[in-house]
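None of the figures in this text is laboratory data; all of them are computed from the coordinates on show. In this text the structure is predicted, and so the values were computed from the model without any measurement. So basically every Cβ, Gly included, is an ideal-geometry build from the backbone, and we count neighbours across all protein chains shown.
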Amino acid sequence: MLFRDEFAEFQRRGVRLIGVNFNRPESHKRFIERKRLPFPLLWDRQKRIAKRYGALGLWGLYCKRAYFLVDPKGRIAWTRVEPVPFLRRSNAELLAAIDRCQGAQTGAPKQ
């Protein structure tokens, strides 16, 4: 299931989704249109973001699928970098991680 399919749930939690990879903007535009994505894809042209966050694949040929939850203060609250690009977290798992992180911020009990 794509993020698009449960975008309202991410929005309800106050989450802003942003995709990042080093494909060219023209490729991003086609991908956004084809998948009907309601969020932006950013161009990591020099692969700096992928390198910095451990998401650069073998020999720098691809981006690994990675997820980062950044709290309101700009700190990474949760991360997961998949060892191979075809693996992905389920939306339910990501929403649960968001709920745990938001509970930690408010002092509410973690699930």
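If you look for lysine pairs in the chain that are eight or more places apart or on different chains, how many of them have Cα atoms under 22 Å apart?
Working: LYS29/LYS47; LYS29/LYS64; LYS35/LYS64; LYS47/LYS64; LYS51/LYS64; LYS73/LYS110.
Number of lysine pairs found: 6.
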Pair ARG48, ARG80: separation of 7 Å Cα→Cβ label points (nm): 2.9 nm
If amide H atoms are modeled at 1.01 Å from N in the peptide plane, then the residues at a separation of 5 or more from ARG65, or on another chain, having amide H under 5 Å from its own are GLU82
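Counting only DSSP beta bridges with both residues in the chain, tell me the antiparallel percent, nearest 5.
Numbers: 6 of 9 bridges.
That works out to approximately 65 percent antiparallel.
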Once R0 is set to 22 Å, what does the formula 1/(1 + (r/R0)^6) return for the Cβ-Cβ distance between TYR62 and GLN11, expressed as a FRET efficiency to the nearest 0.05? 0.15
How tilted is helix 25-35 with respect to the longest principal axis of the chain? Cα atoms for both, answer in degrees (0 to 90, nearest 10). 60 degrees
Amide H neighbours of VAL70 under 5 Å, counting only residues 5+ apart in sequence or on other chains, H built in-plane at 1.01 Å? ALA77
Under 5 Å between amide H atoms, partner at least 5 residues away or on a different chain: which partners does LEU42 have, H built in plane at 1.01 Å? GLY19, VAL20, ASN21
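How much FRET efficiency would the formula 1/(1 + (r/R0)^6) give for ARG24 and ALA104, where r is the Cβ-Cβ distance and R0 is 30 Å, rounded to 0.05? Before the final figure, lay out each step's value.
Numbers: r = 38 Å, r/R0 = 1.26.
After rounding to 0.05, the efficiency reads 0.20.
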Of (1) 1.00; (2) 0.97; (3) 1.12, which is the value of Rg/Rh (Cα atoms, Kirkwood Rh) derived from the coordinates here? (2)
